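*Asks:* One structure, pasted below without further comment.
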Amino acid sequence: MDLLRTAIHSTFNSKSRFPLWLLPPLLLIDAVFCVIIILKVPYTEIDWNAYMEQVSQYRAGERDYAMIKGGTGPLVYPAGHVYIYNYLYEITRGGVDVSLGQWVFMGVYLVTVGVVGLCYREARAPPYLLPFLILSKRLHSIYMLRLFNDPFSILLLFLAVFAWQKKMWTLGSLAYSLSVGVKMNTLLALPAIGSLYLLALGRDKALRQAGIMLQVQLLLATPFLTEFPKNYFIRAFEFTRQFFFQWTVNWRFVGEEVFLLKGFSLGLLGLHICLLLFFLATRWSKPSDRSFSTRNPQVCPHRHSWCERNWHALRSQPTLPVLLMASLGYPLPSLAQWVWAWVGYGAMGCAGVGVERIP
(Lines give C-alpha, C1' and ligand atoms only; values in the text may rest on other atoms or scores of the structure.)
Protein backbone atom coordinates (compact mmCIF):
# COMPACT_ATOMS: atom_id res chain seq x y z
CA MET A 1 0.00 0.00 0.00
CA ASP A 2 2.85 2.37 0.81
CA LEU A 3 4.34 1.70 -2.62
CA LEU A 4 0.98 2.37 -4.28
CA ARG A 5 0.52 5.63 -2.35
CA THR A 6 4.04 6.71 -3.29
CA ALA A 7 3.39 5.98 -6.97
CA ILE A 8 0.08 7.91 -6.92
CA HIS A 9 1.65 10.84 -5.10
CA SER A 10 4.55 10.95 -7.57
CA THR A 11 2.18 10.83 -10.55
CA PHE A 12 0.01 13.73 -9.41
CA ASN A 13 2.60 15.76 -7.53
CA SER A 14 3.20 19.20 -9.07
CA LYS A 15 5.69 20.52 -6.51
CA SER A 16 8.80 18.87 -7.92
CA ARG A 17 10.20 18.00 -11.34
CA PHE A 18 9.37 14.55 -12.65
CA PRO A 19 12.41 12.36 -13.46
CA LEU A 20 13.97 12.77 -16.89
CA TRP A 21 13.92 9.02 -17.55
CA LEU A 22 10.18 9.27 -18.19
CA LEU A 23 10.72 11.09 -21.48
CA PRO A 24 12.80 8.54 -23.53
CA PRO A 25 10.20 5.72 -23.26
CA LEU A 26 7.49 8.22 -24.18
CA LEU A 27 9.42 9.31 -27.27
CA LEU A 28 10.17 5.71 -28.23
CA ILE A 29 6.48 4.78 -28.13
CA ASP A 30 5.61 7.88 -30.11
CA ALA A 31 8.31 7.09 -32.68
CA VAL A 32 6.64 3.72 -33.29
CA PHE A 33 3.31 5.52 -33.82
CA CYS A 34 4.97 7.87 -36.30
CA VAL A 35 6.60 5.08 -38.31
CA ILE A 36 3.29 3.24 -38.59
CA ILE A 37 1.54 6.43 -39.72
CA ILE A 38 4.13 7.18 -42.41
CA LEU A 39 4.16 3.61 -43.73
CA LYS A 40 0.44 2.85 -43.53
CA VAL A 41 -1.54 6.10 -43.81
CA PRO A 42 -1.71 7.82 -47.22
CA TYR A 43 -0.12 11.25 -47.47
CA THR A 44 -2.56 14.10 -48.14
CA GLU A 45 -1.40 16.85 -50.48
CA ILE A 46 -2.46 20.33 -49.39
CA ASP A 47 0.35 22.90 -49.38
CA TRP A 48 3.57 20.97 -50.09
CA ASN A 49 3.53 21.40 -53.86
CA ALA A 50 2.66 25.09 -53.52
CA TYR A 51 5.60 25.57 -51.14
CA MET A 52 7.91 23.86 -53.61
CA GLU A 53 6.65 26.02 -56.48
CA GLN A 54 7.24 29.17 -54.46
CA VAL A 55 10.72 28.05 -53.42
CA SER A 56 11.63 27.24 -57.02
CA GLN A 57 10.92 30.88 -57.92
CA TYR A 58 13.07 32.05 -55.00
CA ARG A 59 15.88 29.78 -56.19
CA ALA A 60 15.52 31.24 -59.66
CA GLY A 61 16.35 34.68 -58.24
CA GLU A 62 12.94 36.20 -57.55
CA ARG A 63 12.97 38.46 -54.47
CA ASP A 64 9.67 40.29 -54.91
CA TYR A 65 7.10 38.72 -52.57
CA ALA A 66 4.31 40.09 -54.76
CA MET A 67 5.57 37.94 -57.65
CA ILE A 68 6.20 34.64 -55.80
CA LYS A 69 3.15 32.41 -56.17
CA GLY A 70 2.17 28.75 -55.97
CA GLY A 71 -0.81 26.56 -56.65
CA THR A 72 -2.63 27.80 -53.54
CA GLY A 73 -1.84 31.47 -54.10
CA PRO A 74 0.90 33.99 -53.25
CA LEU A 75 3.68 33.48 -50.72
CA VAL A 76 2.29 34.76 -47.40
CA TYR A 77 4.90 33.56 -44.89
CA PRO A 78 8.03 35.33 -43.60
CA ALA A 79 11.52 34.63 -44.88
CA GLY A 80 12.28 31.87 -42.37
CA HIS A 81 9.65 29.73 -44.07
CA VAL A 82 11.38 30.23 -47.43
CA TYR A 83 14.79 29.16 -46.07
CA ILE A 84 13.43 26.03 -44.40
CA TYR A 85 11.54 24.84 -47.46
CA ASN A 86 14.46 25.77 -49.67
CA TYR A 87 16.47 23.20 -47.71
CA LEU A 88 13.62 20.67 -47.97
CA TYR A 89 13.50 21.39 -51.72
CA GLU A 90 17.15 20.39 -52.02
CA ILE A 91 17.00 17.15 -50.06
CA THR A 92 13.69 15.99 -51.58
CA ARG A 93 14.79 16.58 -55.20
CA GLY A 94 12.54 19.54 -55.77
CA GLY A 95 9.74 18.18 -53.61
CA VAL A 96 9.41 14.93 -55.55
CA ASP A 97 10.56 12.68 -52.69
CA VAL A 98 7.68 13.45 -50.33
CA SER A 99 8.37 10.37 -48.20
CA LEU A 100 11.77 11.77 -47.22
CA GLY A 101 10.03 14.98 -46.21
CA GLN A 102 7.72 12.95 -43.98
CA TRP A 103 10.70 11.40 -42.20
CA VAL A 104 12.17 14.87 -41.65
CA PHE A 105 8.88 16.05 -40.17
CA MET A 106 8.81 12.99 -37.94
CA GLY A 107 12.16 14.08 -36.52
CA VAL A 108 10.86 17.62 -35.99
CA TYR A 109 7.78 16.20 -34.27
CA LEU A 110 9.74 14.00 -31.85
CA VAL A 111 12.15 16.81 -30.97
CA THR A 112 9.16 19.08 -30.30
CA VAL A 113 7.53 16.51 -28.03
CA GLY A 114 10.82 16.20 -26.14
CA VAL A 115 11.17 19.96 -25.72
CA VAL A 116 7.54 20.27 -24.60
CA GLY A 117 8.18 17.51 -22.07
CA LEU A 118 11.16 19.47 -20.71
CA CYS A 119 8.96 22.56 -20.44
CA TYR A 120 6.40 20.56 -18.47
CA ARG A 121 9.17 19.34 -16.19
CA GLU A 122 10.43 22.85 -15.50
CA ALA A 123 6.88 23.99 -14.78
CA ARG A 124 6.46 21.15 -12.25
CA ALA A 125 3.66 19.61 -14.28
CA PRO A 126 2.49 16.26 -12.87
CA PRO A 127 3.70 13.20 -14.85
CA TYR A 128 0.17 12.03 -15.67
CA LEU A 129 0.03 14.77 -18.33
CA LEU A 130 2.86 13.26 -20.38
CA PRO A 131 0.91 10.47 -22.15
CA PHE A 132 -1.48 13.05 -23.54
CA LEU A 133 1.42 14.54 -25.51
CA ILE A 134 1.48 11.54 -27.84
CA LEU A 135 -2.23 10.72 -28.13
CA SER A 136 -3.29 13.43 -30.53
CA LYS A 137 -4.36 12.08 -33.91
CA ARG A 138 -4.55 15.61 -35.30
CA LEU A 139 -1.00 16.54 -34.33
CA HIS A 140 0.40 13.41 -35.94
CA SER A 141 -1.57 14.27 -39.06
CA ILE A 142 -0.29 17.86 -39.15
CA TYR A 143 3.32 16.76 -38.96
CA MET A 144 3.59 13.54 -40.94
CA LEU A 145 0.67 13.70 -43.37
CA ARG A 146 0.36 17.41 -44.21
CA LEU A 147 3.93 18.80 -44.04
CA PHE A 148 2.71 22.25 -43.03
CA ASN A 149 5.14 24.93 -41.85
CA ASP A 150 3.58 25.11 -38.37
CA PRO A 151 5.86 22.40 -36.88
CA PHE A 152 9.02 24.48 -37.35
CA SER A 153 7.44 27.58 -35.87
CA ILE A 154 6.11 25.60 -32.91
CA LEU A 155 9.43 23.90 -32.21
CA LEU A 156 11.15 27.29 -32.05
CA LEU A 157 8.40 28.66 -29.82
CA PHE A 158 8.78 25.88 -27.26
CA LEU A 159 12.56 26.19 -27.39
CA ALA A 160 11.99 29.83 -26.44
CA VAL A 161 9.68 28.79 -23.59
CA PHE A 162 12.32 26.40 -22.26
CA ALA A 163 15.01 29.09 -22.51
CA TRP A 164 12.83 31.53 -20.55
CA GLN A 165 12.24 28.90 -17.88
CA LYS A 166 16.01 28.60 -17.55
CA LYS A 167 16.35 32.42 -17.44
CA MET A 168 18.27 32.44 -20.74
CA TRP A 169 16.52 35.55 -21.95
CA THR A 170 18.53 36.38 -25.06
CA LEU A 171 18.41 32.80 -26.30
CA GLY A 172 14.66 32.84 -25.75
CA SER A 173 14.33 36.08 -27.70
CA LEU A 174 16.30 34.63 -30.60
CA ALA A 175 14.22 31.44 -30.70
CA TYR A 176 10.92 33.31 -30.44
CA SER A 177 11.82 35.78 -33.18
CA LEU A 178 12.87 32.90 -35.44
CA SER A 179 9.50 31.30 -34.72
CA VAL A 180 7.70 34.44 -35.86
CA GLY A 181 10.06 34.52 -38.83
CA VAL A 182 8.62 31.20 -40.00
CA LYS A 183 4.92 31.93 -39.43
CA MET A 184 3.40 34.99 -37.83
CA ASN A 185 0.75 33.08 -35.85
CA THR A 186 3.06 33.02 -32.85
CA LEU A 187 2.79 36.81 -32.68
CA LEU A 188 -0.35 36.11 -30.64
CA ALA A 189 1.98 35.18 -27.79
CA LEU A 190 3.72 38.57 -27.82
CA PRO A 191 1.56 40.37 -25.20
CA ALA A 192 2.18 37.60 -22.67
CA ILE A 193 5.87 37.48 -23.55
CA GLY A 194 6.13 41.23 -23.11
CA SER A 195 4.50 40.89 -19.69
CA LEU A 196 6.96 38.18 -18.75
CA TYR A 197 9.95 40.29 -19.75
CA LEU A 198 8.70 43.36 -17.89
CA LEU A 199 8.07 41.38 -14.71
CA ALA A 200 11.31 39.41 -14.80
CA LEU A 201 13.75 41.95 -16.25
CA GLY A 202 12.29 45.42 -15.90
CA ARG A 203 11.59 47.96 -18.63
CA ASP A 204 15.12 48.70 -19.88
CA LYS A 205 16.25 45.11 -20.29
CA ALA A 206 12.89 44.15 -21.75
CA LEU A 207 13.32 46.81 -24.44
CA ARG A 208 16.78 45.46 -25.24
CA GLN A 209 15.30 42.01 -25.74
CA ALA A 210 12.66 43.51 -28.04
CA GLY A 211 15.49 45.08 -30.03
CA ILE A 212 17.11 41.66 -30.41
CA MET A 213 13.86 40.24 -31.77
CA LEU A 214 13.57 43.07 -34.27
CA GLN A 215 17.16 42.60 -35.45
CA VAL A 216 16.52 38.91 -36.10
CA GLN A 217 13.51 39.76 -38.25
CA LEU A 218 15.48 42.29 -40.27
CA LEU A 219 18.38 39.87 -40.72
CA LEU A 220 16.08 37.09 -41.94
CA ALA A 221 14.39 39.40 -44.42
CA THR A 222 17.53 41.13 -45.73
CA PRO A 223 17.49 39.56 -49.24
CA PHE A 224 13.92 40.74 -49.72
CA LEU A 225 14.15 44.07 -47.91
CA THR A 226 17.06 45.30 -50.01
CA GLU A 227 14.97 45.10 -53.19
CA PHE A 228 11.24 45.11 -52.41
CA PRO A 229 10.76 45.97 -48.71
CA LYS A 230 7.14 47.11 -48.98
CA ASN A 231 5.95 43.98 -50.75
CA TYR A 232 7.74 41.81 -48.21
CA PHE A 233 6.00 43.33 -45.20
CA ILE A 234 2.62 43.43 -46.94
CA ARG A 235 2.76 39.74 -47.85
CA ALA A 236 4.70 38.18 -44.98
CA PHE A 237 2.77 40.02 -42.24
CA GLU A 238 -0.63 40.58 -43.80
CA PHE A 239 -2.88 41.32 -40.83
CA THR A 240 -5.85 42.33 -42.97
CA ARG A 241 -6.04 39.06 -44.88
CA GLN A 242 -9.61 37.80 -45.41
CA PHE A 243 -10.12 34.05 -45.28
CA PHE A 244 -12.76 32.00 -47.04
CA PHE A 245 -15.76 30.79 -45.07
CA GLN A 246 -15.14 27.23 -46.30
CA TRP A 247 -12.05 26.95 -44.06
CA THR A 248 -13.69 27.85 -40.77
CA VAL A 249 -14.94 25.30 -38.26
CA ASN A 250 -15.57 27.33 -35.12
CA TRP A 251 -17.66 30.03 -36.76
CA ARG A 252 -19.56 28.01 -39.32
CA PHE A 253 -22.73 28.34 -37.24
CA VAL A 254 -22.89 32.12 -37.88
CA GLY A 255 -23.18 31.66 -41.63
CA GLU A 256 -21.01 32.98 -44.45
CA GLU A 257 -22.68 36.39 -44.66
CA VAL A 258 -21.99 37.21 -41.01
CA PHE A 259 -18.54 35.65 -41.06
CA LEU A 260 -17.38 37.91 -43.87
CA LEU A 261 -18.68 41.10 -42.26
CA LYS A 262 -15.94 43.52 -41.24
CA GLY A 263 -17.92 44.40 -38.11
CA PHE A 264 -17.84 40.75 -37.01
CA SER A 265 -14.05 40.65 -37.24
CA LEU A 266 -13.70 43.99 -35.46
CA GLY A 267 -16.02 42.84 -32.69
CA LEU A 268 -13.95 39.73 -32.08
CA LEU A 269 -10.79 41.82 -32.15
CA GLY A 270 -12.28 44.11 -29.51
CA LEU A 271 -13.17 41.08 -27.38
CA HIS A 272 -9.62 39.80 -27.75
CA ILE A 273 -8.18 43.12 -26.56
CA CYS A 274 -10.55 43.18 -23.57
CA LEU A 275 -9.44 39.67 -22.58
CA LEU A 276 -5.80 40.71 -22.84
CA LEU A 277 -6.41 43.69 -20.57
CA PHE A 278 -8.30 41.50 -18.11
CA PHE A 279 -5.45 38.99 -17.80
CA LEU A 280 -2.91 41.79 -17.69
CA ALA A 281 -4.70 43.44 -14.77
CA THR A 282 -5.78 40.39 -12.80
CA ARG A 283 -3.53 37.41 -13.55
CA TRP A 284 -0.14 37.94 -15.16
CA SER A 285 1.48 40.08 -12.47
CA LYS A 286 0.47 37.88 -9.53
CA PRO A 287 3.23 35.21 -9.66
CA SER A 288 5.97 37.80 -9.17
CA ASP A 289 3.95 40.30 -7.11
CA ARG A 290 5.70 43.05 -9.03
CA SER A 291 4.51 46.13 -10.89
CA PHE A 292 4.85 46.37 -14.68
CA SER A 293 6.25 49.87 -14.23
CA THR A 294 9.40 48.62 -12.49
CA ARG A 295 12.39 50.06 -14.34
CA ASN A 296 14.83 47.39 -13.26
CA PRO A 297 14.08 44.69 -10.66
CA GLN A 298 16.36 44.60 -7.66
CA VAL A 299 19.01 41.92 -7.74
CA CYS A 300 18.68 39.56 -4.80
CA PRO A 301 22.03 38.46 -3.37
CA HIS A 302 20.70 35.46 -1.44
CA ARG A 303 19.74 32.24 -3.18
CA HIS A 304 16.64 31.71 -1.03
CA SER A 305 15.60 35.33 -0.94
CA TRP A 306 12.19 36.71 -1.80
CA CYS A 307 13.10 36.99 -5.50
CA GLU A 308 14.38 33.42 -5.67
CA ARG A 309 11.21 32.07 -4.10
CA ASN A 310 9.03 34.10 -6.41
CA TRP A 311 11.00 33.01 -9.47
CA HIS A 312 9.58 29.50 -8.95
CA ALA A 313 6.12 30.98 -9.41
CA LEU A 314 7.18 33.19 -12.28
CA ARG A 315 8.97 30.33 -14.02
CA SER A 316 5.66 28.68 -14.85
CA GLN A 317 4.56 31.86 -16.60
CA PRO A 318 6.41 31.13 -19.85
CA THR A 319 3.59 28.68 -20.55
CA LEU A 320 1.28 31.71 -20.71
CA PRO A 321 2.31 32.68 -24.23
CA VAL A 322 1.21 29.24 -25.37
CA LEU A 323 -1.70 28.44 -23.10
CA LEU A 324 -3.42 31.79 -22.80
CA MET A 325 -2.54 33.57 -26.01
CA ALA A 326 -3.36 30.54 -28.13
CA SER A 327 -6.78 30.39 -26.53
CA LEU A 328 -7.44 34.12 -26.45
CA GLY A 329 -6.40 34.70 -30.03
CA TYR A 330 -8.29 31.71 -31.30
CA PRO A 331 -11.65 33.41 -32.08
CA LEU A 332 -10.17 35.95 -34.48
CA PRO A 333 -11.27 34.99 -37.99
CA SER A 334 -8.47 37.02 -39.55
CA LEU A 335 -5.76 35.08 -37.72
CA ALA A 336 -7.11 31.67 -36.83
CA GLN A 337 -8.18 29.85 -39.95
CA TRP A 338 -5.40 27.28 -40.14
CA VAL A 339 -4.21 24.53 -37.85
CA TRP A 340 -2.23 25.54 -34.77
CA ALA A 341 -0.21 22.64 -33.41
CA TRP A 342 0.79 24.79 -30.45
CA VAL A 343 -2.80 24.93 -29.16
CA GLY A 344 -2.79 21.17 -28.89
CA TYR A 345 0.39 21.13 -26.83
CA GLY A 346 -0.57 24.17 -24.78
CA ALA A 347 -4.09 23.07 -23.94
CA MET A 348 -2.77 19.77 -22.62
CA GLY A 349 -0.61 21.64 -20.16
CA CYS A 350 -3.44 23.97 -19.21
CA ALA A 351 -6.31 21.54 -18.79
CA GLY A 352 -4.54 18.23 -18.35
CA VAL A 353 -6.27 16.66 -21.36
CA GLY A 354 -5.38 16.28 -25.02
CA VAL A 355 -7.42 19.15 -26.40
CA GLU A 356 -7.21 19.95 -30.09
CA ARG A 357 -8.63 22.99 -31.82
CA ILE A 358 -8.79 22.89 -35.55
CA PRO A 359 -9.87 26.24 -37.04
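The values are calculated or read from the model by the stated rules, or taken from the named source; none is laboratory data. Every value quoted in this text rests on a predicted model; they were computed, and no experiment measured them. Ideal geometry is used to build each Cβ from the backbone, glycine not excepted, and the neighbour counts take in all protein chains shown. Please note that ligands, DNA and RNA were not included when accessible areas were found on the heavy atoms of the full protein model with its side chains. Shrake-Rupley method; radii C 1.70, N 1.55, O 1.52, S 1.80 Å.
*Asks:* Going by average Cβ neighbours within 10 Å, how do the peptides 174-184, 17-27, 208-218 rank, with the highest at the top? If you can, show how the numbers build up before the last one.
*Replies:* Numbers: 174-184: 23.9, 17-27: 13.8, 208-218: 15.4.
Final packing ranking: 174-184, 208-218, 17-27.
*Asks:* Using a 1.4 Å probe over the heavy atoms of the protein chains, calculate the carbon and sulfur portion of the accessible area of the range 83-132 as a whole percent. Kindly include the intermediate steps, with their values, before the conclusion.
*Replies:* Numbers: 1180 of 1820 Å².
C and S fraction of accessible area: 65 percent.
*Asks:* Quick check on my link table: of K40/K166; K230/K262; K69/K262, which ones sit more than 30 Å apart, alpha carbon to alpha carbon? Spell out each step's value before the answer.
*Replies:* Working: K40/K166 40 Å; K230/K262 25 Å; K69/K262 27 Å.
Where the Cα-Cα span goes over 30 Å, the pairs concerned are K40/K166.
*Asks:* Keeping all protein chains in place and using 1.4 angstrom, which order do T222, T92 fall into by accessible surface area, from largest down?
*Replies:* Details: T222 60, T92 0 Å².
Ranked list, largest accessible area first: T222, T92.
*Asks:* Which percent of the accessible heavy-atom area of the range 141-279 goes to carbon and sulfur, probe 1.4 angstrom? Can you show the working numbers first?
*Replies:* Details: 4690 of 6530 Å².
The computed percentage sits at 72.
*Asks:* So, one more: Give me the distance in nm between label points sitting 7 Å out from Cα along the Cα-to-Cβ direction at L28 and F264, one decimal.
*Replies:* Those two pseudo-labels are separated by 5.1 nm.
*Asks:* Also, quick follow-up: If you count only protein heavy atoms with a 1.4 Å probe, what accessible area per residue comes out for the range 63-221, rounded to a whole Å²? Could you put the intermediate results ahead of the total?
*Replies:* Details: 5410 Å² over 159 residues.
Ligands and nucleic acids excluded, the result is 34 Å² per residue.
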